[in-house]
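Worksheet for the structure shown next.
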Amino acid sequence: MMGRYSYLQVALVLFGAIFCLVYPLALVWPSGWMWHEGPPAASQYYMMIVGVYATLGLFLIRAASNPAANRSLIWFTIWSSLVHAAIMAVQALQNPQHMGHMLGDVPALLLVALVLGLLMRGVEDRNIATG
């Protein structure tokens, strides 16, 4: 049976891989993952976001080999995902044209924050108890 630490490792690889797939997600479901009209590469801003998330994704995958040594990166991912989701939710509510994000990237980022946050709390609780 897998423990919380192993689940964290799996979650880091899974979310890291998904972060690396932001561009293909935009091709499959543009209204849930893009904020502009046209193909993903039509927006310089979107391509910047793709680059940042792909980089973060690769580092999350790498962090899976030793989550305890990469706590800062994981907590950054948790908090930045919450902030990003909150900003996008407010923007989507202000512009009905972007309501697809309330079913796409907003809940996806909240899921990342929730899962990693719960798993990290368990790992940090274990480290405090054994440390």
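Kindly establish whether ALA68 is under 30 Å from ARG121 (Cα atoms), of a type in the set (Gly, Ala, Ser) and at pLDDT 95 or above.
no
Can you pull out the residues in segment 101-124 that are basic (Lys, Arg) and either farther than 12 Å from ARG71 by Cα or under 10 Å from the mean Cα position of the chain (by Cα) (or both)? Outline the logic, then answer.
First, pick out the residues of segment 101-124 that are basic (Lys, Arg): 121.
Correct list: empty.
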Failed criterion for GLY3 (all others in (1) modelled with pLDDT of 90 or more; (2) farther than 28 Å from PRO96 by Cα hold): (1)
Those residues of segment 1-48 which are farther than 22 Å from ARG121 by Cα, small (Gly, Ala, Ser) and free of Cβ contacts under 8 Å to residues at least 12 places away in the same chain, in sequence order: GLY38, ALA41, ALA42, SER43
Test: residue in segment 26-47 that is at pLDDT 85 or above, under 19 Å from the mean Cα position of the chain (by Cα), closer than 24 Å to ASN70 by Cα and of a type outside the set (S, T, N, Q): no
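The values are calculated or read from the model by the stated rules, or taken from the named source; none is laboratory data. In this text, all values refer to a predicted model and were calculated from it rather than measured experimentally. Neighbour counts run over all protein chains shown; Cβ positions are idealised from the backbone, glycine included.
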